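Contents: one structure, followed by commentary.
Derivation of every value follows stated rules applied to the coordinates shown; laboratory data play no part. All values derive from a computational prediction rather than experimental measurement. Backbone-built Cβ (ideal geometry, glycine too); neighbour counts: all protein chains shown.
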Amino acid sequence: MIKVQDIVYCIYRSPDLDKMAAFLTDFGMVEAGREPNRLFMRGAGSHPVINITEKGPAGFVAVGMLAGSAAELDEAAKLPGASAVETIDAPGGGKRVRLSGPDGFRFDLVHGMEPAKELPVRAPLAINYAWQKQRVVDLQRPDFEPARIARLGHCVLKFSDGDAAVRWLKGTLGMLVTDRLHLPDDRAKTLGTFMRLDRGERPADHHTIFALQGQPGDLNVHHTSYEVQDPDAVHIGHQWLDKKGWMAEWGVGRHLLGSQVFDYWRSPDGYIFEHYADGDLLTDKVQPGDYPAIPENLAQWGPELGPHFFDSVRL
Ligand SMILES: [Fe+2]
């Protein structure tokens, strides 16, 4: 049985790789390789590539998830619409199977990629809390720099039938339901479902995929989200992106479900990229929650949600 154990990369398409590289660099990634038609970006963590951009009309191509074992790739290759086991032609190499998910979303199951040497980032800030002092004769001086990305944390996709997508993510990828959001006036109607990795006792993020109910004609990625060092990095990163002239979407705030300190930005092609820090970790024993989709359940604090947040693309 397949049980994905991590999220590794996402693949976008963009007409202008230079512009995408400039945005992702200001966003806090590091170039890991470049070909005439492909851009490879990494974070500071051990995944050799976390964001791939292929040259072409703007779009979302795939999300790459780590299989539990090499044997799971053989199992995946037998699924309807799956590719054979292929060699990955990207930094880190390894093997993959391309799966055709709900609404044709491509999920790459990967295994055996060579881990990259981690890049240096500043240490997490020691905070002098009112009743808990941690720093004496030790000045607080975080650099003004992009929010250094550690890793890809999660991906939000809009499906034509969100409940069916959840069944596929559970049945085919072995994921668990963490929390469901339903329409405030109709408990039976799902707005979206937060899905996490089943790692047993080993902690997993509150969500790795969020399956959002989409509208016909708008089945797209909603956003991809990247973990940074700490809340100061989110705020400093916000200022950095603002100074560089990129388009802010929503933030800084703190989510309720997942508890992340979040900040959302638009890429040159209008897609949302999120920074986050301090998210919840859960084990496999946590039972699913069910919440009405009201603003109070989206954020505990932060600016008011703008009218464009749910638009897949905004230019
Ligand atoms: Fe997110």
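With each label point set 7 Å from Cα along the Cα-Cβ vector, what nm distance links Asp161 and Arg135?
Result for the modelled spin labels: 5.3 nm.
Might you report the magnitude of the Cβ-based charge dipole of region 197-315 about its Cα centre, with Lys and Arg at +1 and Asp and Glu at -1, to the nearest 20 debye?
The calculated dipole for region 197-315 is roughly 220 debye.
What residue among Trp240, Ala126, Gly214 has its Cα farthest toward the positive end of the dipole of region 109-244, where the charges are +1 on Lys, Arg and -1 on Asp, Glu, each on the Cβ?
The Cα lying farthest towards the positive end belongs to Ala126.
Place a +1 charge on the Cβ of each Lys and Arg in region 162-225 and a -1 charge on the Cβ of each Asp and Glu, then give the dipole magnitude about the Cα centre in debye, rounded to the nearest 20.
Here the size comes out at about 180 debye.
Given Leu169, Pro231, Leu39, which one lies farthest toward the positive end of the charge dipole of the chain, if we put +1 on the Cβ of every Lys and Arg and -1 on the Cβ of every Asp and Glu?
Leu39
For the chain, build the charge dipole from Cβ charges (+1 Lys, Arg; -1 Asp, Glu) around the Cα centre, then report which of Leu282, Gly112, Leu181 sits farthest towards its positive end.
So the residue we want is Gly112.
With the contact rule set at Cα under 8 Å and sequence spacing of 6 or more, what percent relative contact order holds for region 171-315?
28
Mind running the shape call on the chain? Use the C-alpha gyration tensor, a ≥ b ≥ c as the square roots of the eigenvalues: rounded below 1.5 for a/c, prolate if a/b tops b/c, oblate otherwise.
The shape class here is rounded.
Pulled fully out, how much extra length does the chain show between Gln215 and Phe310, if you take 0.36 nm times their separation in residues and subtract their Cα-Cα distance?
Fully extending the segment from Gln215 to Phe310 adds 33.1 nm.
Excluding same-chain residues fewer than 8 positions from Lys19, which lysines have a Cα within less than 20 Å of its Cα?
In chain and number order, the partners are Lys55, Lys243, Lys244.
So what are the ³J(HN,Hα) numbers for region 87-95, from phi and the Karplus equation (6.51, -1.76, 1.60; θ = phi - 60°), rounded to whole Hz, Gly and Pro as x?
My calculation for region 87-95 gives 7, 7, 9, 7, x, x, x, x, 10 Hz in order.
What size of dipole, in debye to the nearest 20, comes out for region 41-157 about its Cα centre when the only charges are +1 on Lys and Arg C-beta atoms and -1 on Asp and Glu C-beta atoms?
Value, rounded to 20: 440 debye.
If the elastic network links every pair of Cα atoms under 10 Å, which of Ile50, Ile127, Ile209 fluctuates the most in the Gaussian network model of the chain?
Judging by the Gaussian network model, the answer is Ile127.
Using the Karplus curve 6.51 cos²θ - 1.76 cosθ + 1.60 with θ = phi - 60°, work out ³J(HN,Hα) for each residue of region 162-170 in order, rounded to whole Hz, and write x for Gly and Pro.
Karplus values, whole Hz, x for Gly and Pro: x, 5, 5, 5, 4, 4, 5, 5, 6.
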